[in-house]
Amino acid sequence: MRTESDSMGSIDVPSDKYWGAQTERSIKNFPIGVSRFKWQYPIIKAIGILKKSAALSNYKLGQLSQEISTAIIKAADEVISGSLNANFPLVVFQTGSGTQSNMNANEVISNRAIEVMGGVIGSKNPVHPNDHVNLGQSSNDTFPTAMYIAVVMELFETLFPSIESLRNTLFYKSQKFCDIVKVGRTHLQDATPITLGQEISSWVAQIDYALYALRTNMEGLYDLAIGGTAVGTGLNAHPLFGEECAKNIAEITGRPFKSSQNKFFSLAAHDALVNTSAAIRTLAMALLKIANDVRWLASGPRCGIGEITIPENEPGSSIMPGKVNPTQCEALTMVCVQVFGNDAAVAFAGSQGNFQLNVYKPVMVHNVLESIELLANACSSFNDNCAIGIEPNLQQIKTNLEKNLMLVTALNRYIGYDNAALIAKTAHHQGTTLRQTAIELGLISEQDFDKYIIPLDMTHS
């Protein structure tokens with residue numbers, strides 16, 4: 001152990017770690033849960049990007065020497081690379097501003113920079129965690145800045161590629177199965193025909209809509225709080241610091257981050273994060289519907305709908321030999337339920353800002369990042385282990401279509417709704433075919449029946 005100090009006094013910290021007194025106090029004061037930010041690597045990486053950008057900005061603005069700036073940047077790069085992840089041990093449930101996580105980063109970067117410069121770890125010399133690493137900053141503007149960086153980067157690097165792969169798989173299937181006519185269903189009851197391709201195309205469109213909403217709602221995440229310091233006034237920061245830091249963040253990440261026009265808003269509320277979470281929930285809602293459709297259509301194999309087949313990945317029962325279940329659908333729907341819960345937490349936390357600060361920041365970003373990771377992983381798994389293997393069961397589709405009483409709808413314009421209804425109801429109760437019943441009732445000739453009821457023609461206007 002080594003002894004470090006802060007404004008509260010001295011405390012022993014592990015000698016093999018770069019963190020300091022304030023991080024150690026947080027470990028002791030918040031033994032709550034197992035959700036640690038060391039698991040949330042996107043936050044750690046985002047803080048590293050922020051601290052690097054701050055050092056670059058402060059050097060350019062004449063606030064830091066080149067030597068100290070260079071050492072901070074080197075240490076921040078190591079944080080970004082993930083090589084210092086073991087030095088970020090804090091839990092989500094800490095101070096609501098994320099102060100301990102900010103100071104954790106300041107201490108780690110300070111001590112690593114001191115080491116780079118040949119100094120003694122824990123001495124705060126020549127690189128001080130507050131005076132140099134945190135120069136021009138407050139936890140109140142750094143942590144929300146890191147939140148937004150982390151969420152944007154994870155959306156682009158993790159979620160979008162995963163969901164777009166699934167979307168493209170389904171689009172391919174919709175094209176491939178465009179001529180396979182099957183029973184449509186509304187209210188879980190038989191309806192007029194559609195093609196399997198049309199059915200799957202609705203899934204593609206639903207994903208496209210959800211992605212559009214997500215990309216639209218996340219625009220507010222590009223407005224960064226950095227430069228607002230404690231309450232939004234920018235006290236103790238160079239007047240150009242926020243703008244310069246945002247420019248550096250944009251350059252490092254390749255995303256259009258910019259300095260928020262109203263820092264008071266950016267500290268006191270996180271509506272952009274709430275909106276993004278809601279859009280992620282909408283995506284989860286779409287995926288829940290798709291997964292449920294797939295498992296209904298694949299139900300059986302002999303006593304269900306059974307119009308499609310999906311890959312048989314593992315045994316489905318410990319007692320029923322040969323049973324196989326739609327496990328990928330089940331896993332995806334459970335993830336969607338979790339995302340719904342995460343969004344509820346984010347929405348409620350977002351409503352709890354008071355005066356100049358919302359103090360639910362860590363739990364908000366934790367839930368959004370978890371939703372992103374869960375959906376990304378689940379979509380990849382569902383795509384690779386289920387969607388790619390979806391195939392039509394042509395015999396079952398044909399059998400169901402031939403029994404579909406709603407084919408009678410095509411006769412409405414020729415014999416009227418009431419007569420068509422009489423045919424359908426009579427056929428249903430007598431267990432006869434539509435064709436047989438219509439002819440026996442004398443409502444239409446054999447030739448006209450065959451002329452008017454062509455299932456493929458009923459799938460388009």
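The numbers here are math on the coordinates, done by the rules we state, and not lab data. On a predicted model such as this, the values are computed, not experimentally measured, just so you know. Neighbour counts run over all protein chains shown; Cβ positions are idealised from the backbone, glycine included.
Treating the beta-carbon of each Lys and Arg as +1 and of each Asp and Glu as -1, no other charges, what is the dipole magnitude of the chain about its Cα centre, to the nearest 20 debye?
Once rounded to the nearest 20, the dipole reads 320 debye.
Project the alpha carbons of the stretch 404-459 onto their principal axes and report the range along each, largest first, in whole Å.
27, 20, 18
Just rank Ile444, Ile423, Ile226, fewest to most, by other beta-carbon atoms within 10 angstrom.
Ile444, Ile423, Ile226
Would you be so kind as to identify all helices of the chain, as entire DSSP H runs, whose Cα atoms reach 30 Å or more along the helix's own axis and whose mean Kyte-Doolittle hydropathy is at least 0.0?
196-217, 271-297, 327-350, 361-385
Please list, or write none, the aspartates and glutamates whose alpha carbon is within less than 13 Å of the alpha carbon of Lys289, excluding same-chain residues fewer than 8 places away.
Glu199, Glu330
Let me test this: with uniform point scatterers at the alpha carbons of the chain, what is the Debye-based log₁₀ I(q)/I(0) at q = 0.06, 0.07, 0.08, 0.10 1/Å?
Each listed q maps to, in turn, -0.40, -0.50, -0.60, -0.78.
Mind checking which aspartates and glutamates have their Cα closer than 18 Å to the Cα of Lys52? Skip sequence neighbours fewer than 8 apart in that chain.
Within the straight-line cut-off, Lys52 pairs with Glu67, Asp77, Glu78, Glu107, Glu115, Asp131, Asp141, Glu243, Glu244, Glu251.
So what is the calculated 222 nm ellipticity per residue for the chain, using -39500 (n - 2.57) for each DSSP H run with n of 4 or more, over all residues, to the nearest 500 deg cm²/dmol?
-18000 deg cm²/dmol
The stretch 2-135: Rg/Rh from Cα coordinates, Kirkwood Rh?
In the stretch 2-135, Rg relative to Rh is 0.95.
Counting only the backbone N, which residues of the stretch 188-221 are under 16 Å from the spot 7 Å out from the Cα of Ser299 toward its beta-carbon?
What the label zone holds, given the 16 Å backbone N cut-off, is 188-191.
Just how large is the dipole of the stretch 172-220 about the Cα centre, in debye to the nearest 20, putting +1 at every Lys and Arg Cβ and -1 at every Asp and Glu Cβ?
So the dipole magnitude of the stretch 172-220 works out to roughly 120 debye.
Using only alpha carbon pairs under 8 Å that are at least six residues apart, calculate the relative contact order of the chain and give it in whole percent.
Contact order relative to length: 16 percent.
Pulled fully out, how much extra length does the chain show between Asn385 and Asp131, if you take 0.36 nm times their separation in residues and subtract their Cα-Cα distance?
86.2 nm
Asn85 to Glu251: FRET efficiency via 1/(1 + (r/R0)^6), r the Cβ-Cβ distance, R0 25 Å, to the nearest 0.05?
Taking R0 as 25 Å, the efficiency between Asn85 and Glu251 is 0.55.
Could you point to the residue in Tyr417, Ala438, Ile454 farthest towards the positive end of the stretch 404-459's charge dipole, with +1 and -1 charges on the Cβ of Lys/Arg and Asp/Glu respectively?
Tyr417
Sequence gap at least 6, Cα distance under 8 Å: using those rules, report the relative contact order of the stretch 404-459 to the nearest whole percent.
Computed value for the stretch 404-459: 35 percent relative contact order.
For Asp179 and His460, compute 0.36 nm times the residue count separating them, minus their Cα-Cα distance, and round to one decimal in nm.
Stretched out fully, the Asp179 to His460 stretch lengthens by 100.0 nm.
Tell me the net charge near Tyr222. Cut-off is 11 Å between Cβ atoms, Tyr222 excluded, with +1 for each Lys or Arg and -1 for each Asp or Glu.
Value of the local net charge: 0.
Please state the relative contact order of the stretch 256-359 as a whole percent: Cα pairs under 8 Å, 6+ residues apart?
Relative contact order comes out at 39 percent.
Taking 7 Å along the Cα-to-C-beta vector as the label spot, tell me the Met320-Asp450 distance in nanometres, rounded to one decimal.
If labels sit at Met320 and Asp450, their model points lie 4.3 nm apart.
Which of Trp203, Trp19, Trp296 comes first, and how do the rest follow, when ranked by fewest Cβ neighbours within 10 Å?
By the 10 Å Cβ count, ascending: Trp296, Trp203, Trp19.
Among Pro321, Val337, Phe160, which residue has its Cα furthest toward the positive end of the charge dipole of the chain, with +1 on Lys/Arg Cβ and -1 on Asp/Glu Cβ?
The Cα lying farthest towards the positive end belongs to Val337.
According to a simple spin-label model (label point 7 Å from Cα along Cα-to-Cβ), what is the distance in nm between Val359 and Ala191?
Output for this residue pair reads 5.1 nm.
Does a label point 7 Å from the Cα of Asn313, set along Cα-to-beta-carbon, have any residues of the stretch 146-175 with amide nitrogen under 18 Å, and which are they?
162-170
Charges on Cβ only, +1 for Lys and Arg, -1 for Asp and Glu, centred on the Cα centroid of the chain; of Ala291, Leu401, Leu374, which one is farthest towards the dipole's positive end?
With unit charges placed on the Cβ atoms, the residue in question is Leu374.
Treating only the Cβ atoms of Lys and Arg (+1) and Asp and Glu (-1) as charged, compute the dipole magnitude of the stretch 261-314 about its Cα centre; round to the nearest 20 debye.
Here the size comes out at about 220 debye.
Please compute the modelled spin-label separation between Lys28 and Phe156, points set 7 Å along Cα→Cβ, answer in nm with one decimal.
Placing both labels 7 Å along Cα→Cβ, they lie 4.2 nm apart.
Amide H to amide H, which residues 5 or more places from Val91 or on other chains are under 5 Å from it, using H placed in the peptide plane?
Phe37
What number comes out for the charge environment of Leu405, summing +1 per Lys or Arg and -1 per Asp or Glu over other residues with Cβ under 13 Å away?
Result for the local shell: +2.
Check cross-link reach from Lys398 to the lysines: straight Cα distance under 18 Å, and skip same-chain residues fewer than eight apart.
Lys176, Lys182
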